[in-house]
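Have a look at the structure below, then the notes.
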Amino acid sequence: MTLFERWRTDRFPSLPGLPPVKKPRFWRGPFRHVPRFVSRRTPKGLYARSLIIIIAPMVLLQSVLAFVFMERHWQTVTQRLSTAVVQDIAAVIDIIDQYPQDPEFLTINRIARERLGLNVLVLPPEPLPPPAPKPFFNILDGILSEELTRQIGRPFWIDTVGESRIVEIRVQLPHHLLRVFAPRNSAYASNTHIFLVWMFGTSAVLLLIAIAFLRNQIRPIQKLAQAAEGFGRGLPMPPDFRVRGASEVRRASVAFIQMRDRIERQIEQRTQMLNGVSHDLRTVLTRFRLQLALLDDNEDRQELEQDVDEMGRMLEGYLAFAKGEAGEDVGELDLDRLFARFESEAALKDRAITTDILGDPLITVRPDSFTRLVGNLVANALRHGTQIRISARHDDRWLTISVEDDGPGIAADMREEVFKPFVRLDEARNIDAGGTGLGLAIARDIARSHGGDILLSDSKLGGLKAMVRLPV
């Protein structure tokens, strides 16, 4: 399937004149649109897809490991630290309840501060404040609440939101209010970010190294694709293209270079052969013309001259079709000037022609070949119609040129037949006596040599529409 046929399949699956294209359906049910949705939103390039293949599993794996490990780590370490802090608070409460204290509770304050790392205040009884707002990540609040309920079993109030480095705990005693200030790192695993920094830091370094190596492996494939695409459009070999990369890429590059050399040698041999054939046949025709010039001017001589002229036109048509002008270099062509020439030809033949160009009129093609391509289509339209419309659309990816007329058109079941060499549809579109049935065949050959194709369909003017679509 050619590039244009694939484009036609996607854009016009049931275009008149062509059989409908049936696409296999591997997904059915409510999720049948998921593959298309994902395909449209994922990168199309090999390099981008390779990056996703490398980065996505690593990011997913790191995320799962970080979540599982950090959750276990935070929960286990925080559980143990919080348990130790609550045990110290429970010990302070037992000392206050079991042993007599000085009126200011200075001794218990000193012991808690020096031995337990807690700042303890024993205050007169007062109601506990309302519950403090819970943070979004409240693992410390949950564990502390569980341990205070399990070990102390008295009304309490905690605040882990206020001062970030201090945790405040208030416990209501029978005759006092115990207010405890504990360092946050003594009840909570606060150094876990070091693990995250090391994990994501090393992952980033490894990803950068992997991306650099991947880019070096992908670049030869990209260069090979560019060279193959350029060869299909008649462009010369890129100067920076050379055999490199993995062994499979090297073999593909060598095979491409050998294939290109064989095709170029074949084209060169065919061109030399055709030049020789052309020279020999033209020499014979020249002799015929010289011999006819020596004959008397009569009706037989005129008929022979017409036959010789017809043979000359047929010879030129055959050679042009076989040669295909494949040796022409790529250059710029101005569509404005080309369409202006067609307008002048239409005026001489008393035909009405309208042109329209959307986008940049300068295109990069083989100028003589492309001029002949469009010229053949316009000549057919001028021959069989009185109103002709030529439109061009040039964007970043495609060049589309449409030639429409109001002539008799071509039957839908014969639109592929007319592209075959030497096919003449006298009933559908009467070709003049000088025609050889090669015009559309030459046009399609030129279009495909540029990497595109030609599609025939019905025109809104009532006749035939010939659409040329080429990648740019």
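The values are calculated or read from the model by the stated rules, or taken from the named source; none is laboratory data. Please read all numbers here as calculations on a predicted model, not as lab measurements. The area values use the complete protein model at the heavy-atom level, side chains included, leaving out ligands, DNA and RNA. Shrake-Rupley method; radii C 1.70, N 1.55, O 1.52, S 1.80 Å.
Counting only residues 5 or more places away or on other chains, whose amide H sits under 5 Å from the amide H of L118 once H atoms are built in the peptide plane?
Sorted by chain and number, the residues that satisfy this are R113.
In sequence order, what are the phi-derived ³J(HN,Hα) couplings for region 140-148 according to the Karplus relation 6.51 cos²θ - 1.76 cosθ + 1.60 with θ = phi - 60°, rounded to whole Hz, with x for glycine and proline?
5, 4, x, 5, 4, 4, 5, 5, 5
Ordering R337, R154 by how much accessible area each has at a 1.4 Å probe, largest first, what is the list?
R337, R154
What are the residues whose amide H is under 5 Å from the amide H of D360, where those residues sit 5 or more places off or on another chain and H is modelled from the backbone?
H394
Just the number please: accessible area per residue for region 50-172, 1.4 Å probe, all protein chains included, in Å².
Value returned for region 50-172: 62 Å² of accessible area per residue.
Leaving ligands and nucleic acids out of the surface, order R250, R287, R469, R351 by accessible area at 1.4 Å, largest first.
Putting R250, R287, R469, R351 in descending order of accessible area: R287, R250, R351, R469.
Excluding same-chain residues fewer than 8 positions from K223, which aspartates and glutamates have a Cα within less than 18 Å of its Cα?
Straight-distance partners of K223: D240, E248, D261.
Can you list the aspartates and glutamates whose alpha carbon is less than 19 Å from that of K44, not counting same-chain residues fewer than 8 positions off?
Once the sequence-local aspartates and glutamates are set aside, what remains near K44 is D10, E229, D396.
With every protein chain present, what accessible area does T271 have (1.4 Å probe, heavy atoms only), rounded to the nearest 10 Å²?
40
Could you please tell me the mean projected area of the C-alpha convex hull for region 174-262, averaged over all directions and given in square nanometres to one decimal?
With every direction weighted equally, the projected area is 11.6 nm².
Which percent of the accessible heavy-atom area of region 185-318 goes to carbon and sulfur, probe 1.4 angstrom?
Carbon with sulfur: 60 percent of the solvent-accessible area.
Using a 1.4 angstrom probe on the protein heavy atoms only, could you order S63, S82 from most to least accessible area?
Sorted by accessible area, descending: S63, S82.
Karplus couplings for region 243-253 from phi (6.51 cos²θ - 1.76 cosθ + 1.60, θ = phi - 60°), rounded to Hz, Gly and Pro as x?
Once θ is set to phi - 60°, the couplings for region 243-253 become 6, 7, x, 5, 4, 5, 5, 4, 5, 5, 5 Hz.
In whole percent, how big is the carbon plus sulfur part of the accessible area of region 332-415, probe 1.4 Å, protein atoms only?
46
Convert each backbone phi in region 198-205 into a coupling constant with the Karplus relation 6.51 cos²θ - 1.76 cosθ + 1.60 (shift: θ = phi - 60°), then list the ³J(HN,Hα) values in order as whole Hz, x for Gly and Pro.
5, 5, 6, x, 5, 4, 5, 5
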